Amino acid sequence: MKNAIIKITDRHLQDGEEYTSELTTAGEFELTEGGCKIVYKETDEELLDCVTTLTVENGKKVSMLRSGRYNTEMIIELERRHSCYYSTPYGEMLMGIYCKYIENNVGESGGTLGFAYTIDFNNVPASENELFISVTEKIQEE
């Protein structure tokens, strides 16, 4: 794993309202066979002590695993709907996730990852979401 600066821009469209947030944090990344893995600690007050791992497989699937205080696994896969448990400070939910696109451009020294997906509860649309992640390798100073 290489040390990196991770910048995440998160956009949500829910009930006609658009929300955007940005997070810049230290993390790690590595190239894997057919994709990459990005790991970072959450800095949001409600998610402190949580670590998020994004694993991209063959440009068609992103697994988002959050561990720590709240454990969650979301599978975002092109042309498939997945049911996922999502743990929050307010309780657990079962939600459906359908991927709209995945674009992985992470290479040896970093790059970008973008993906968009919809969330539904009981097949009722709840939100449209888009994440854009920038990974910049952090060169170690001697």
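All of the numbers you see were taken from the coordinates with simple rules; none came from a lab. Predicted model, so just to flag it, every value in this text is computed and none were measured. Using ideal geometry, Cβ is built from the backbone for each residue, glycine included, and neighbour counts are taken over all protein chains shown.
Using a simple charge model, +1 on the beta-carbon of Lys and Arg, -1 on the beta-carbon of Asp and Glu, nothing else, what dipole does the stretch 15-114 show about its Cα centre, in debye to the nearest 20?
Magnitude of the dipole: close to 400 debye.
In a GNM of the chain with a 10 Å cut-off on Cα contacts, which of E130, E30, E45 has the highest mean-square fluctuation?
The residue that fluctuates most here is E45.
Among (i) 15.6; (ii) 18.5; (iii) 16.1, only one was calculated for this model; which label is it, if the read-out is Kirkwood radius over Cα pairs in Å?
After the calculation, the listed value that fits is (i).
Once Lys and Arg get +1 and Asp and Glu get -1 on their Cβ, which of M95, L131, G68 lies farthest toward the positive end of the dipole of the stretch 57-142?
Going by the charge dipole, the pick is M95.
Tell me, what is the percent relative contact order of the chain, built from C-alpha pairs under 8 Å that lie six or more residues apart?
This gives 22 percent for the chain.
Test of understanding: in a Gaussian network model of the chain with alpha carbons linked when under 10 Å, which of L23, L54, L65 would top the mean-square fluctuation ranking?
L23
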